[in-house]
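Step one of this worksheet: look at the structure below.
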Amino acid sequence: MKKINANHTPLYREAGFNLKDSITTKEAFAAELDHPHEPENYIYSRYRNPTTVAVEQQIMELEGCKWALLVETGMAAIDVAVSVFQKGKDTRPWLFFHEIYGGTNSFIDTVLIKRRNLDVHRFYANDGLYDFEELERMLKEIQPEFLYFEAVSNPMLIVADVKRIMELAKKYDCKIIVDNTFGTPYLWKPLLDGADLVIHSATKYMSGHGNITAGVICGNDEELMKEAIEYRKWAGHFLSPDDAYRLGSQLKSFDLRFKQHCDNALALAEYLEKHPQIEEVLYPGLESHPTRKEAVALFGNKGFGGMVTFDIKGESDEDKREKCNRFIAALEETIPLVPTLGEVDTILLPVEPVWGAKYPLPGTIRLSVGIENIEKLKGWIGNALEEM
Ligand SMILES: *Cc1c(COP(=O)(O)O)cnc(C)c1O
């Protein structure tokens, strides 16, 4: 076919590629692991696909790292990242912060412990805050292969003292895996600060439009990359070229979008904090936030993320629950209840039905603030608070 002078990465829907003859086939298989991001030697799309590789290069630039591997979901990225360290009988213990995405905690319970019988330990927070003496004691005693954490907790938006966590891990020769879905490379690039692997649910801010699921594993170390490629290939984790194509297009506006998410979230948090119907607002950019100091240390003046959690005033739990339901009903047409985050449209999630066992808070709502005009957003929310 004649070459076409396209400006954009083409969408290659091939399952397998034309390898021509037995010599080039042998070469392609031999070189497969050597140049994972070079535009050559494509064999089969579960191994590598040119559309996907082009998007991996975009993410490498965003994260400032040497390699990135796309997979079909954030959960798949977590599976790849931790499985890289699973070495049969020689597998060392793993240490996970407990204050992480709920799905990751379920993955730990149902896959790593129940099915793979791995020696997994949890580091718990007290009221969302970390006891570093306890962390050091665990690192010393357990000698884990890696420590896994998120910088920003969900839904309480507690920002960890990341520098201290990473120093402690290094002191005990423990690798570091960071789920940076909430922070995003806009606010923080953990690999530049010494993390070994970073994963993202690209379903959230990276794709940003709530129209695909995707995940990515990022790193610098060559050996880890080879292990991750091997695991991705044989466990069958891969992002379809169609979804990669859309992710690639949507990533081009990532910086612009995320800046607007941060600006809107701060403006909305300040607005809500002054509103007479609101009991409390949790946003790391507010002076009142318990870990504002940590947030400023980590993010500088770039922003504080796009998530805002707030509690509606009420005379009793039942009163709060009813007000919360009326507030949600009043927003049905403008800010829908959708259990995801990081979209250009503002969406909300009530805390009690989702995290009730851990956070039995009947008046609390988590907002994933979108990129709409801020006056319009304030208007929607202000009206709903009036109607409630
Ligand atoms: C959503 C999410 C995940 C899981 O990602 P999926 O794309 O839904 O598989 C992991 N970590 C965090 C912090 C998330 O928000």
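The values are calculated or read from the model by the stated rules, or taken from the named source; none is laboratory data. From a predicted model like this one, the values you see are computed outputs, not experimental measurements. For neighbour counting, all protein chains shown are included, and Cβ atoms are generated from backbone atoms with ideal geometry for every residue, glycine included. Remember, those area values only see protein heavy atoms, side chains included, never the ligands or the DNA or RNA. Shrake-Rupley method; radii C 1.70, N 1.55, O 1.52, S 1.80 Å.
Structure data summary
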item	result
Tally of residues being in contact (Cβ under 8 Å) with a residue 24 or more places away in the chain, within 24 Å of Ile229 (Cα to Cα) and either within 16 Å of the ligand (Cβ to nearest atom) or open to solvent by less than 60 Å² (accessible area, probe 1.4 Å) (or both) across region 85-124	13
Yes/no for Lys140 being open to solvent by 50 Å² or more (accessible area, probe 1.4 Å), within 27 Å of Leu298 (Cα to Cα) and in a helix (DSSP H, G or I)	yes
Condition check for Pro155: over 21 Å from Pro284 (Cα atoms), open to solvent by less than 10 Å² (accessible area, probe 1.4 Å) and either within 11 Å of the ligand (Cβ to nearest atom) or assigned to a loop (DSSP other than H, G, I, E, B) (or both)	no
Contacts under 8 angstrom Cβ, first residue in region 330-344 being small (Gly, Ala, Ser), partner modelled with pLDDT under 95 and assigned to a loop (DSSP other than H, G, I, E, B), 6 or more apart	Ala330/Met388
When residues of region 320-346 are limited to those that are among the basic types (Lys, Arg) and open to solvent by 50 Å² or more (accessible area, probe 1.4 Å), the one farthest from Leu251 (Cα to Cα)	Arg321
Residues satisfying the stated conditions in region 125-136, i.e. surrounded by 12 or more Cβ atoms within 10 Å (Cβ to Cβ) and part of a helix (DSSP H, G or I)	Phe132, Glu134, Leu135, Glu136
Qualifying residue in region 356-363 (condition: touching a residue at least 60 places away in the same chain (Cβ under 8 Å), assigned to a loop (DSSP other than H, G, I, E, B) and either polar (S, T, N, Q) or in contact with a Cys (Cβ under 6 Å, 6 or more places away or on another chain) (or both))	yes
Of residues in region 58-84 being more than 10 Å from the ligand (Cβ to nearest atom) and charged (D, E, K, R), the one nearest to the chain's Cα centre (by Cα)	Glu63
Among the candidates Pro362, Pro284, Pro350, residue that is more than 16 Å from the ligand (Cβ to nearest atom), within 29 Å of Trp188 (Cβ to Cβ) and either modelled with pLDDT of 95 or more or not assigned by TED's automatic domain parsing to the domain that holds Asp193 (or both)	Pro350
All positions within region 174-198 that are β-branched (Val, Ile, Thr) and in a helix (DSSP H, G or I)	Thr184
Complete set of residues in region 158-186 that are touching a Gly at 6+ places or on another chain (Cβ under 8 Å), open to solvent by less than 50 Å² (accessible area, probe 1.4 Å) and farther than 22 Å from Asn301 by Cα	Ile176
